[in-house]
Amino acid sequence: MGRYHAILFDMDGTLLDTLTDMQDAVNHVLAAYGLPLRTLEEVRRFVGNGAGPLIHRALPEGYPQEQEVLAEYRAYYQAHNCIRTCPYPGIPELLERLQGAGVQLAVCSNKADDFTCRLMDRFFPGRFALVEGKREGVPVKPDPAIVHTMLETLRADPARTLFVGDSSVDIQTGHNAGLAACGVTWGFRGRQELEAAGAVHKVNTEDGALYQYCGHQSQGHRDCFLLKCERCGRIRHVDCTQLQSLYDHLEKEHHFRINPRGTLFSGVCDVCAGEEADHGAQ
């Protein structure tokens, strides 16, 4: 087994391309109320936080019958959520390989729990040890509460768990829960959108371009940098002001202003250091 013993996946835009079915359901209810229809790109921007925010964004501002529209959307989508929905290319094979390698697989989605479970049972039967969608009274992503509960249920070590999704919400969820996070660009959100939103920044290294999540916006962006493990290759984003005195010294005495977002420190992470210590003790 590799570095990660468990992987938590987002669903919409990560495992399944559900966008067209959601657009069809949105436009079905909008047409029923005589409202303007929404394009695929508009719906792409609206999704990611659950059905309620999706319908709120699709409706004209202040529309008085929002709850009725939402209820009709849910009813229609429940009956028509597998018309054009399908896995992204390579996903079934990826899940098969991961499961075969002994990795625990789980799904954490902001879509309603019944829809999420139904879609997973249809497209990936038997692949996931745990599937969790939006439930009443449970905060949605990026709140980490559901992830913490899932980790306890799976008995998964956060240091050995990866969160995978297609949006800044997913990346933030992983970081809020103390997990490594991986963003995919084939889904509803692309790299350019994440960059434009300030959710990631680009670092050029000898290995190529790296895109790293940065959830903290500060004046001058002078309080974050990257740590790269020379053993496993993991890169961590760190919000820290302890190097500020060094940055100030270099700027004042050497007339060189550091870009912390482009600063990459190499070393050995705690997990790899622990493995080395265990190996040496044997």
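Does Gly137 fit the bill of being more than 20 Å from Val103 (Cβ to Cβ) and at pLDDT below 75?
Values: more than 20 Å from Val103 (Cβ to Cβ): yes; at pLDDT below 75: no.
When the stated conditions are applied, Gly137 does not pass them.
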**OP:** Run Val107 past the list (1) buried (at least 17 other Cβ atoms within 10 Å of the Cβ); (2) over 30 Å from Gly233 (Cβ atoms); (3) touching a helix residue (DSSP H, G or I) at 6+ places or on another chain (Cβ under 7 Å); (4) of a type in the set (Val, Ile, Thr) and report the number of the one that doesn't hold.
**Re:** (2)
**OP:** Scan Ala106, Ala181, Ala129 and give me the residue that is under 14 Å from Phe9 (Cα atoms), of a type outside the set (Asp, Glu) and in contact with a His (Cβ under 7 Å, 6 or more places away or on another chain).
**Re:** Ala181
Subject >> Among residues of the stretch 1-59, those that are in contact (Cβ under 8 Å) with a residue 24 or more places away in the chain and under 30 Å from Thr153 (Cβ atoms), counted >> reply: 27
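Can we say Ile146 is closer than 15 Å to Gly13 by Cβ, surrounded by 16 or more Cβ atoms within 10 Å (Cβ to Cβ) and free of Cβ contacts under 8 Å to residues at least 60 places away in the same chain? Please lay out each step first, then the result.
Values: closer than 15 Å to Gly13 by Cβ: no; surrounded by 16 or more Cβ atoms within 10 Å (Cβ to Cβ): yes; free of Cβ contacts under 8 Å to residues at least 60 places away in the same chain: yes.
No.
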**OP:** Identify the residue in the stretch 215-234 that is surrounded by fewer than 18 Cβ atoms within 10 Å (Cβ to Cβ) and not in a loop (DSSP other than H, G, I, E, B) and, among all such residues, is modelled with the highest pLDDT.
**Re:** Leu227
**OP:** Return the total of residues in the stretch 1-29 being among the aliphatic types (A, V, I, L, M), touching a Lys or Arg at 6+ places or on another chain (Cβ under 7 Å) and surrounded by fewer than 22 Cβ atoms within 10 Å (Cβ to Cβ).
**Re:** 1
**OP:** Mind listing whichever residues of the stretch 14-61 are at positive phi and either at pLDDT 95 or above or in contact with a His (Cβ under 6 Å, 6 or more places away or on another chain) (or both)?
**Re:** Gly34
Original post:
surrounded by fewer than 19 Cβ atoms within 10 Å (Cβ to Cβ), on the phi < 0 side of the Ramachandran plot and modelled with pLDDT of 95 or more, is that true of Pro125?
Top reply: yes
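The values are calculated or read from the model by the stated rules, or taken from the named source; none is laboratory data. None of these values were measured; they are calculated from a predicted model. So basically every Cβ, Gly included, is an ideal-geometry build from the backbone, and we count neighbours across all protein chains shown.
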